[in-house]
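Engineer: Before I ask anything, let me first share the structure, which is written out below as structure tokens.
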Amino acid sequence: MLACARQASDAVRGGEGTSSVSVVVLKGARLIDGEGGPPIEDATLVIEGETIRAVGPSSDVAVPDSAQVIDVRGKSVLPGLVVNHAHLGVVDGTQSGSGHYTRDNVARQARQYEVYGVTTVTSLGFNTALFPSLQEEFNAGAPRGADLLGADRGLGVPSAAPPVNVGEDQLYRPRTPEEARAAVRETASRRPALVKIWVDDFHGTLPTKMAPDVYAAIIDEAHQQKLRVAAHVYYLEDAKRLVRDGVDILAHGVRDRPVDEELVREMKARGTWYVPTLGLDETFYIFAEQPEWMRTPFFEHSVQPALAAWFADPAWRAKALGDAKALAENKASVAMNLRNLKTLHEAGVSIGFGSDSGATPLRIPGFAEHRELELMVQAGLTPLAALTHATRDAAVLLKLQDRGTLAAGKRADFILVEGNPAVDIRDVHRIAGVWHRGRRVSGGVEEFTP
């Protein structure tokens, strides 16, 4: 059957295989369409070019006579993951900061996302002047890799957040509201998808936070320029003030205290989005703890050699776990983040999807998104709810109407997996194929070398 799938892949690519078939059919799949409802057993998906021509129960979908038919009985098909918070070109191996925003490094990361079933990625800050040309290339389908959206450079705080050594062309650090407005206007000239701001003091490790008059000016100017603003946050009180000032997206979860009715009420009234990034604080300790999943091919194929050497080094692991106070704080942050996601999800707040992957070497592109899905379920969401946030809702956050669900007329961006992720979210790891713009671009993570 996999051989048949590869033949169909060649056919869809056109010119790369031996056939010129333009219509491909996946028949017999368990369909998780991204809308949140129960899966449809024995479904058929008809792909014509980059688009889904028809999808639904096999009894209701006509198969064109000329189609290449792939039997996928026993497997599940779900939309490609859409990521609202990641970073490109910041890390390479164990290194991070300036100098890594190269075409080759960004292309490697974009391809890694795609192999892991992430077909759209938002690089939420630190993007250089190279980004628009890379975005155009990848969004046109050449070379292979996830579609890219960006938040330009982003705006931080002088001598404070974010504590990242990136180039001057990757970040603004305005000192006054006037400087902030000028930076936003310059940003707007490059037409990004979003504007990013860093507000908090990173668990009290930095001397100051972004002044409220500065971020209020950024939000106001961005809205005048028809741009939305995503904020890096940690504290409940910062989140509440940002929401009142009109921020569009809280790009991290609130992790210091339980969210309260006031925040829920304001977010729902204003339509503010929430991207919890549950795995962010976990990365500070989880790899040093060496969970069993680190010995699986699914994880190993995501890790660059230099990073793998870190994980294998007892001295590195001892150092990562050696600060008892930091370890306790990070675990408490994860627990609070899980609790707050469940509260906001049940309250009906708009939830997006992201893991902050690519921001540090420990937030691994592609794998981090799958870990995020597991943590969403650990927080108390059903697997279907987690997948809906990671597909349909994440696309809605980005105002992308052509993806995020599997329906006629939508783009053919989807993942084929063994098992049933509606029952066990870990089945999303069991990738049998990734289709992007109607092309089979991967048969599983084993095909990828990071």
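The values are calculated or read from the model by the stated rules, or taken from the named source; none is laboratory data. These figures come from a predicted structure and were not determined experimentally. All Cβ positions, even for glycine, are placed from backbone atoms using ideal geometry, and neighbour counts span all protein chains on display. Note: accessible area is taken over every heavy atom of the protein model, side chains too, but ligands, DNA and RNA are not part of it. Shrake-Rupley method; radii C 1.70, N 1.55, O 1.52, S 1.80 Å.
Engineer: Would you please give the residues with an amide H less than 5 Å from that of residue 147, counting only those at least 5 places away or on a separate chain, with H modeled from the backbone geometry?
Structural biologist: 120, 121
Engineer: If you don't mind, another one. Identify all lysines with a Cα-Cα distance to residue 226 below 16 Å; exclude those on the same chain that are fewer than 8 residues away in sequence.
Structural biologist: 196, 399
Engineer: Another question, if that's okay. Measuring from label point to label point, each 7 Å out along Cα→Cβ, what is the residue 399 to residue 203 span in nm?
Structural biologist: Reported label-point gap for residue 399 and residue 203 is 3.6 nm.
Engineer: Under 17 Å Cα to Cα from residue 268, which lysines show up? Leave out anything in the same chain fewer than 8 places away.
Structural biologist: By straight Cα distance, residue 268 reaches 240, 342.
Engineer: For a protection proxy built on the mean count of beta-carbon atoms within 10 angstrom, sort 314-322, 149-157 highest first, please.
Structural biologist: Packing proxy ranking, top to bottom: 149-157, 314-322.
Engineer: Now for a different question. Output the 0 to 90 degree angle, nearest 10, between the alpha-carbon long axis of helix 324-347 and the longest principal axis computed from the alpha carbons of the chain.
Structural biologist: Value to nearest ten degrees: 60.
Engineer: Highest first, please rank the peptides 399-406, 324-331 by the mean number of other Cβ atoms sitting within 10 Å of their residues. Let's see the in-between values first.
Structural biologist: On the way: 399-406: 18.9, 324-331: 13.5.
Ranking, from highest mean packing down: 399-406, 324-331.
Engineer: If we restrict to alpha carbons, what Rg and Dmax does the chain come to, in Å?
Structural biologist: Rg then Dmax for the chain, in Å: 21.4, 67.
Engineer: Let me ask something else. Compute the semi-axes of the equivalent ellipsoid of the stretch 306-450, taking the square root of 5 times each eigenvalue of the Cα gyration tensor, and list them largest first in whole Å. Could the numbers behind the result be given before it?
Structural biologist: Details: eigenvalues 172, 98, 35 Å².
So the equivalent ellipsoid measures 29, 22, 13 Å along its semi-axes.
Engineer: At q = 0.23 Å⁻¹, work out log10 I(q)/I(0) for the stretch 101-151 with the Debye formula, treating every Cα as an identical point scatterer and leaving solvent out; two decimals please.
Structural biologist: -0.77
Engineer: Using the heavy atoms of the protein chains and a 1.4 angstrom probe, tell me the accessible area per residue for the chain in square angstrom.
Structural biologist: On the way: 16970 Å² over 450 residues.
Result: 38 Å² of accessible area for each residue.
Engineer: Taking a spot 7 Å from the Cα of residue 136 along the direction of its beta carbon, which residues of the stretch 425-442 have an amide N less than 13 Å from it?
Structural biologist: Taking a point 7 Å out along Cα→Cβ of residue 136, no residue of the stretch 425-442 has its backbone N under 13 Å.
Engineer: Between 0 and 90 degrees, rounded to the nearest ten: what's the tilt of helix 177-188 against the longest Cα principal axis of the chain?
Structural biologist: Roughly 20 degrees between the two axes.
Engineer: Further question on the same structure: 222 nm [θ] for the chain, helices only, -39500 (n - 2.57) per DSSP H run of 4+, per residue, to 500? The partial results should precede the final answer.
Structural biologist: Numbers: 15 runs with 149 residues, N = 450.
Result for the chain, helices only: -9500 deg cm²/dmol.
Engineer: Moving on. Long-range amide H contacts for residue 75: which residues qualify at under 5 Å (H placed 1.01 Å from N, peptide plane, sequence gap of 5 or more or a different chain)?
Structural biologist: Result for residue 75 returns 30.
Engineer: Using DSSP, restrict attention to beta bridges with both residues in the chain and report what percent are antiparallel, rounded to the nearest 5. Intermediate results must be reported in sequence, preceding the final value.
Structural biologist: Working: 28 of 56 bridges.
About 50 percent, rounded to the nearest 5.
Engineer: Can you pull the Kirkwood radius for the stretch 47-171, inverse mean 1/r over Cα pairs, to one decimal in Å?
Structural biologist: Details: mean 1/r = 0.0594 Å⁻¹.
Here the Kirkwood hydrodynamic radius works out to 16.8 Å.
Engineer: If you roll a 1.4 Å probe over the chain with all protein chains in place, what percent of the accessible area is carbon or sulfur?
Structural biologist: Details: 8400 of 16970 Å².
Answer for the chain is 49 percent, counting heavy atoms of protein chains only.
Engineer: Let me ask another. Which of 355, 333, 22 ends up with the largest GNM mean-square fluctuation for the chain, with Cα atoms connected below 10 Å?
Structural biologist: Evaluated over the chain, the most mobile residue of the options is 22.
Engineer: Can I ask one more? For the stretch 37-93, compute the orientation-averaged projected area of the C-alpha convex hull (one quarter of its surface), in nm². Mind dumping the intermediate values first?
Structural biologist: Values: hull surface 28.6 nm².
Over all viewing directions, the stretch 37-93 projects a mean Cα-hull area of 7.2 nm².
Engineer: Let me ask you something else. Treating the angle as unsigned and between 0 and 90°, give the value, to the nearest 10°, between the Cα long axis of helix 212-224 and the longest Cα principal axis of the chain.
Structural biologist: 40 degrees
Engineer: Of the peptides 433-443, 97-107, how do they stack up when ordered by the mean number of other Cβ atoms within 10 Å, highest first? Present the calculation step by step, with values, prior to reporting the outcome.
Structural biologist: Values: 433-443: 23.5, 97-107: 16.6.
Top to bottom by mean Cβ count within 10 Å: 433-443, 97-107.
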